[in-house]
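The values are calculated or read from the model by the stated rules, or taken from the named source; none is laboratory data. Nothing here was measured: the structure is a model prediction, and the numbers come from that model. Glycine also receives a Cβ, built like all others from the backbone with ideal geometry; neighbour counts cover every protein chain displayed. Quick note on the areas: whole protein, heavy atoms, side chains included, nothing else; ligands and nucleic acids left out. Shrake-Rupley method; radii C 1.70, N 1.55, O 1.52, S 1.80 Å.
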Amino acid sequence: MKILAIETSCDETACAIVEDGTKELVSVVASSKDFHEKTGGVVPEVASRKQLEFIFPVLERTIEDYCEKTGISGKDEAIASIDVLAVTVGPGLIGSLVVGVTAAKALSMAWKKPLIPVNHLVGHIYANFLGEPSDIAFPAVCLLVSGGHTDLVLMKGHGDLVYLGGTLDDAAGESFDKVARMLGISRYLGGAVLSQKALDCGNRGPAKLFPRPMLDQDNYDFSFSGLKTAVKRYLDGGERDISCTAREFEEAAVEVLTAKTMKAVNNFGIKSLLVGGGVSANNRLRENLKSETEKAGVKLFIPEPRLCTDNAVYIAAAAYFNNTTKVSEEIRAEPSLNIMGLV
Ligand code: KG4
Ligand code: ZN
């Protein structure tokens, strides 16, 4: 089954075609990131206008690349070979989501193909199902670490997710971004830049300058806002080494993420840990989780960095494994934007 998926939840306009939920045939991602760099944060109105500007070129490029890759000779044949459409319906910026959902609904009607709504966060988890058939065993624990969310979820099977806990304030990615900004190394989406900067601190042992919020609490919740404030106070206190401050912050955030995740893994006695979201591209987090899961005899699944940040490939994968035509029919019959509430 070939699924064409559209993702427009924030500042990326993405489209992909995936076969049987695991084989990526094409993926196109356009981003308005550069425009938000200027304002030091995403301006929803700008993001949605860029979505409007990018959506048709991205769709066209997807079909062109698909024809080129598969040897299909023309657009009509390409469209005929697509079985199902999928689209991110939330969470995200409403103005951005509307662009993708409207395009997907229009294509669904014009091409007469069912449309599957996908939750963006569930999509991040499904980046782990792409590629070679994997031996993911259920129940699994999922750590979702993105710019807007930090959640621990128990996945009992496809479409059977139980929320265990999550951040009470800032998301992990948001705290990386804000600290990167305080350090003056990036104005927007600075997680990867901060991580790179932290490497310059060398091999000095961590001084544990910053708190490990909620580490000792017996729950699966997180808090990153106090950690961010601790970094601010430290920076206000005098001349500081930027790379070592970055490293201390990264150490603290990654330690809490790893410890709470392993708590869930151990308490539920599970054998597979799935990680997703932009922050799962972080090398320190990847290394820490790798060594802790190895010690615990648990199999770790983290997507390749390219698939950690927003794209439409994992949206297609999620749609494949959660294919509910009942919902898709409701969507096609529903002319209003209420479909946002469906997932
Ligand atoms: O999943 P994503 O692309 O978008 C959302 O759904 O939010 O995640 C973006 C977040 C940003 O906060 C970005 O700074 C962070 O992921 N991020 C990283 C790294 N790469 C991306 N954070 C830490 N280390 C990285 N290498
Ligand atoms: Zn995301």
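Return the residues of the stretch 124-143 that are within 16 Å of ligand 1 (Cβ to nearest atom) and open to solvent by 10 Å² or more (accessible area, probe 1.4 Å); say none if nothing qualifies. Matches in the stretch 124-143: 128, 130.
Can you find a residue that is in the same structural domain as residue 313 (by the TED database), closer than 30 Å to residue 213 by Cα and either under 14 Å from the mean Cα position of the chain (by Cα) or not acidic (Asp, Glu) (or both) anywhere in the stretch 108-119? Yes, because at least one residue in the stretch 108-119 is in the same structural domain as residue 313 (by the TED database), closer than 30 Å to residue 213 by Cα and either under 14 Å from the mean Cα position of the chain (by Cα) or not acidic (Asp, Glu) (or both).
Name the single residue that is least open to solvent (accessible area, probe 1.4 Å) among those in the stretch 9-29 being within 15 Å of ligand 1 (Cβ to nearest atom) and in contact with a Cys (Cβ under 9 Å, 6 or more places away or on another chain). Applying the filter and picking the extreme gives 27.
Which is on the phi < 0 side of the Ramachandran plot and not in a helix (DSSP H, G or I), of 98, 87, 122?
Details: 98 fails: not in a helix (DSSP H, G or I); 122 fails: not in a helix (DSSP H, G or I).
From the options 98, 87, 122, the qualifying one is 87.
State which residue is farthest from residue 272 (Cα to Cα) when the search covers only the stretch 136-176 and only residues that are of a type in the set (Val, Ile, Thr) and either within 13 Å of ligand 2 (Cβ to nearest atom) or part of a strand (DSSP E or B) (or both). The residue in question is 167.
May I ask you to list the residues in the stretch 272-295 that are assigned to a helix (DSSP H, G or I), away from ligand 1 (no atom under 11 Å from the Cβ) and touching a strand residue (DSSP E or B) at 6+ places or on another chain (Cβ under 9 Å)? Within the stretch 272-295, 289, 290, 292, 293, 294 meet the criteria. Figure legend. Inter-residue proximity from the stretch 271-289: first residues over 23 Å from residue 135 (Cβ atoms) and touching a residue at least 12 places away in the same chain (Cβ under 8 Å), second residues part of a loop (DSSP other than H, G, I, E, B) and of a type in the set (Val, Ile, Thr), beta-carbon distance below 6 Å, spacing 6+ or different chains. Indicated pairs: 278/309.
Can you report the number of residues in the stretch 221-235 which are among the hydroxyl-bearing types (Ser, Thr, Tyr) and farther than 18 Å from residue 173 by Cβ? Show your work before the answer.
Initial filter on the stretch 221-235 (among the hydroxyl-bearing types (Ser, Thr, Tyr)): 223, 225, 229, 234.
Next, from what is left, pick out any that are farther than 18 Å from residue 173 by Cβ: 234.
Residues that pass the stated criteria total 1.
Which residue is farthest from the chain's Cα centre (by Cα), if the candidates are limited to the stretch 215-238 and must be under 23 Å from residue 281 (Cα atoms) and part of a loop (DSSP other than H, G, I, E, B)? Of everything passing the filter in the stretch 215-238, 215 is farthest from the chain's Cα centre (by Cα).
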